[in-house]
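Below is one structure; the comments refer to it alone.
The values are calculated or read from the model by the stated rules, or taken from the named source; none is laboratory data. Everything quoted here is computed from the prediction, not taken from an experiment. All Cβ positions, even for glycine, are placed from backbone atoms using ideal geometry, and neighbour counts span all protein chains on display.
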Amino acid sequence: MKVALLFYHSVYDDEIREMLKDLGCVRYIEVPRAWAQDGTDRRFGSHIYPGTDSVVLAFVEHDCAEKLKAAVERFRSARAKEQTHLALLPVEEFV
């Protein structure tokens, strides 16, 4: 089992949710409208720094993690300028 931590621009919420549904990764926690700063690009939800990011946290089995990684890589390649990141972390214990 792994923890999948996905960060992306909030404008892609629907696409990301659809991707997770298609992969069968339907149990997750979403943190919408997260403030973000990557490099010089800031998204603080204000008129000066418009936009926000979203964060998805999911516990996934190994096969789903591999499918998710491939799907995120395809998503990133279609939007080379967007800041979409996925971290897959091992789970030592899950109760």
Quick one: in the range 44-73, which of the residues that are touching a helix residue (DSSP H, G or I) at 6+ places or on another chain (Cβ under 8 Å) and not aliphatic (A, V, I, L, M) is surrounded by the most Cβ atoms within 10 Å (Cβ to Cβ)? 53
Close pairs from the range 72-92: first closer than 11 Å to residue 8 by Cα and basic (Lys, Arg), partner modelled with pLDDT under 85 and part of a loop (DSSP other than H, G, I, E, B), Cβ under 8 Å, at least 6 apart: 76/82
Restricting to the range 21-30, and then to whatever is among the aliphatic types (A, V, I, L, M) and in contact with a helix residue (DSSP H, G or I) (Cβ under 8 Å, 6 or more places away or on another chain), can you tell me which residue is surrounded by the most Cβ atoms within 10 Å (Cβ to Cβ)? 23
All but one of (1) part of a loop (DSSP other than H, G, I, E, B); (2) free of Cβ contacts under 8 Å to residues at least 24 places away in the same chain; (3) within 14 Å of residue 5 (Cα to Cα) hold for residue 69; state the number of the condition that does not hold. (1)
